[in-house]
1. Look through region 48-88, keep the residues that are in contact (Cβ under 8 Å) with a residue 40 or more places away in the chain and of a type in the set (Ser, Thr, Tyr), and return whichever of them is surrounded by the fewest Cβ atoms within 10 Å (Cβ to Cβ).
2. Going by what's in this entry, would Ile7 be described as in the same structural domain as Leu75 (by TED's automatic domain parsing), β-branched (Val, Ile, Thr) and in contact with a Ser or Thr (Cβ under 7 Å, 6 or more places away or on another chain)?
3. With the checklist (1) closer than 16 Å to Arg90 by Cα; (2) without any contact (Cβ under 8 Å) to a residue 24 or more places away in the chain; (3) not in a helix (DSSP H, G or I) in hand, flag the one item Cys41 doesn't pass.
4. Would it be correct to say that Asp39 is exposed (fewer than 12 other Cβ atoms within 10 Å of the Cβ) and acidic (Asp, Glu)?
5. Which residue is surrounded by the fewest Cβ atoms within 10 Å (Cβ to Cβ), if the candidates are limited to region 3-36 and must be without any contact (Cβ under 8 Å) to a residue 40 or more places away in the chain and hydroxyl-bearing (Ser, Thr, Tyr)?
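The values are calculated or read from the model by the stated rules, or taken from the named source; none is laboratory data. Predicted model, so just to flag it, every value in this text is computed and none were measured. Backbone-built Cβ (ideal geometry, glycine too); neighbour counts: all protein chains shown.
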Amino acid sequence: MTDIEIIALLRSSPQKGLAAVFDRYSAYVYKIVYTKLGDICTNEDIEEAVSDIFFKFYQSVQKDNREIHSLRGYLSLIAERHCIDVFRSRKNDIEPISYDEISDTISSPDRQPDTELYDALKALGEPDTTIFIRKYFFGQKSSDIALEMNLKPNTVDKRISRGLIKLRKILKEEK
């Protein structure tokens, strides 16, 4: 069944048309949602988001009498917007961790996991260790790190690129 036939079916019999859309595009919409939300949502949340997207699609088709030229494009637009909304709502649920708290966690003597990485990061020396923690553990931008550490942003980027090379060498030597 082509998109044109499915659109005609949506107009004549909305429930059968929605079933046809779901059969044809459910995997596509699931892939979009999983790609966007897979890191922050459970499988149940992802399935719920897919259902919500098809419900929004159904409501939109019923309410608006607009011309749909591409079901795939229209569904991807609805999916992208819905994923953004879900991400924003989930982002607010995450409690930020202070730099001091993570620094204490990393440097605690009874800490067992990831000691190789911890030792390799410490071997980089300061300020590279701090830059790496802020960049890769906190997800801070280079410009923010530079501002807080009184460095230039290109200096931070250069230290990161050189530090990655050092880090690879250190980790290869330990194996």
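1. Ranking the candidates gives Ser70 first.
2. Judged against the criteria, Ile7 is not a match.
3. It is condition (2) that Cys41 fails.
4. yes
5. Per the criteria, the residue is Ser12.
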